Structures are given as structure tokens and as C-alpha cells.
């Protein structure tokens with residue numbers, strides 16, 4: 001259970017209920033997160049709404065988006081986000097071994113563009129002030145400027161979600177841990193309270 005109470009859909013203003021419902025039903029198994037965001041309807045409307053709009057446009061290929069999200073979440077040790085996004089990576093063609101070892105320099109199963117996205121996500125997360133133009137020149141060979149902006153936005157926003165989820169101890173929804181384990185995650189990677197519940 002999170003450090004704040006769950007807010008149910010009938011407690012939020014009517015204009016944000018469609019976003020609450022759609023995000024919890026269509027975007028993925030993020031109901032526990034929505035119930036916490038719902039304490040602040042403007043955040044629910046604009047942050048969850050933004051993610052839904054970006055998903056509808058599908059500008060950035062999902063494989064690259066999920067690589068970035070898993071990399072950032074592993075760097076920040078956000079089990080909630082790793083558990084939710086690692087299975088999506090296996091759906092987009094990466095093996096459980098690749099997902100598990102994605103931060104390793106010589107990770108098997110990543111092609112040239114996958115590695116570029118991974119390395120970019122690491123730099124955005126760990127040392128954006130020291131980034132060099134060379135990585136943008138490489139990105140420009142595979143992505144247009146809109147895609148680079150969105151990749152940067154989603155990478156940075158993922159760091160926000162990692163901190164938000166961990167600070168408020170948002171719990172896993174039913175079935176998420178099982179999906180993570182089938183995608184190569186390990187019980188020892190879970191926080192103690194989640195590992196105990198999973199065993």
C-alpha cells in the first residue's frame with residue numbers, strides 16, 4: 001500500500017475521469033499509480049494525459065521507448081517501473097537475458113540502434129551536462145528531431161516517475177511481478193516487502 005490513500009475514480013472531478021479510466025485500462029497495469037496521482041487532478045490530467053497523447057501518436061518506435069524506460073528505471077533502481085516495462089521489452093523482441101543485462105556494455109541481443117538508445121538514456125540520466133555533440137550526430141542518423149525530443153522527454157520523465165513511485169511506495173498491481181519474473185527479473189531484485197509477497 002502506498003504512503004497515501006488510494007483515490008477512487010468517483011472522487012476526482014468529472015473532467016479528469018476519462019483520463020483516469022483510460023490510463024488505468026489501456027496504458028498498462030498502472031491502476032495503483034493512477035490512484036495516487038488522483039490526489040492532484042491537474043497532475044493526473046496533464047501528466048497521464050500527455051502519456052496517452054504520446055502513445056496515441058506513436059511517433060517513437062515502442063522498442064526504443066521501452067529500452068530507454070527500462071535503462072533509466074534500472075539505473076534508479078525503481079522496481080515498480082522495471083517490473084512494468086521489462087515485459088514490454090520482451091514483447092518487442094528482446095530476450096529475458098538481454099533485458100536482465102541491458103546495462104552491461106557488451107549486452108547480448110542489442111543491435112547498434114538499441115545500444116545507442118541505451119547509451120543515450122544512461123547519459124541523460126547520469127550526466128546530461130557532460131554530453132557531447134557526437135551522440136546527437138549518431139542519433140540523427142536514425143531519428144528525426146521530433147523523435148530525439150520525445151526520446152529525451154520520455155527518458156527524463158521516467159526519472160521523475162521512478163522517484164515519485166519510490167518516494168510514495170506505490171505497490172505492484174496483481175500479476176505485474178509474475179510478468180517481470182517471466183521477462184528475466186529476479187526475486188532478489190525486488191524490495192523486501194514485494195519479494196516477501198512474491199514468494
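What per residue convex hull volume, in Å³, comes out for the chain when only alpha-carbon positions are used? Spread over its residues, the Cα hull of the chain gives 121 Å³ apiece. Between residue 126 and residue 10, what's the calculated FRET efficiency when r is the beta-carbon distance and R0 is 30 Å? Round to 0.05. Rounded to the nearest 0.05, the efficiency is 0.10. In this simple spin-label approximation, residue 53 and residue 115 carry label points 7 Å from Cα along the Cα→Cβ vector, and these lie 3.7 nm apart. The radius of gyration of the Cα set in segment 9-57, together with its Dmax, comes out at 9.6, 29 angstrom. For the pair residue 149 and residue 26, label points projected 7 Å from Cα toward Cβ lie 2.4 nm apart. According to the Kirkwood relation over distinct C-alpha pairs, the hydrodynamic radius of segment 59-125 is 11.5 Å. Relative to the current alpha-carbon distance between residue 91 and residue 134, full extension at 0.36 nm per residue lengthens the span by 12.4 nm. Residue separation of residue 46 and residue 3 scaled by 0.36 nm, minus their Cα-Cα distance, works out to 13.2 nm of gained length. Hull volume per residue, based on the alpha-carbon atoms of segment 113-162 and their convex hull, is 71 Å³. Taking all Cα pairs closer than 8 Å and separated by 6 or more residues, the relative contact order of the chain comes to 29 percent.
No value in this document is a laboratory result; all are computed from the given coordinates. It should be emphasised that the depicted structure is a prediction, and the values quoted were computed from it without experimental measurement. Here the Cβ is made from the backbone with ideal geometry for all residues, glycine too, and neighbour counts use every protein chain on show.
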